[in-house]
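Novice: Quick one: this structure, given as structure tokens, is what I'll be asking you about.
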């Protein structure tokens, strides 16, 4: 009877070790899948970031052009105001200031 009890204990121990082994293999497979998925997502994000950097560069160029045009227009407005004041147009009460655009 002692041999049978020892056999059950050994069989239980073997089953427990096998279950642990299968669990470890399953965990490693899941971890590998997670790492692969994350690497794929990072690669996709890098492509997206590159495209966004190009778009930001284009927008910055447009912003510089718009700023230049705005400064030109505001300087022209300031010049018109000064001309109208110098020729003495009465009733013209433009007191706007255009900042540092001139």
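Throughout, read-outs are computed from the coordinates displayed, never taken from laboratory work. The model shown is predicted, which means the values in this text are computed figures rather than measured ones. Cβ sites come from the backbone with ideal geometry, for glycine too, and all protein chains shown count toward neighbours.
Novice: Take the Cβ-Cβ distance between residue 27 and residue 48 as r, set R0 to 41 Å, and report the resulting FRET efficiency rounded to the nearest 0.05.
Specialist: Calculated transfer efficiency: 0.85.
Novice: Give me D for the stretch 8-63 in µm² s⁻¹, whole number, from Stokes-Einstein with Rh from the Kirkwood sum over alpha-carbon pairs, 37 °C and 0.692 mPa s. Please report the intermediate quantities before stating the final value.
Specialist: Numbers: Rh = 15.2 Å.
Result for D is 216 µm²/s.
Novice: Extending each Cα 7 Å along its Cβ direction at residue 19 and residue 61, get the distance between those two points in nm, one decimal.
Specialist: 6.6 nm
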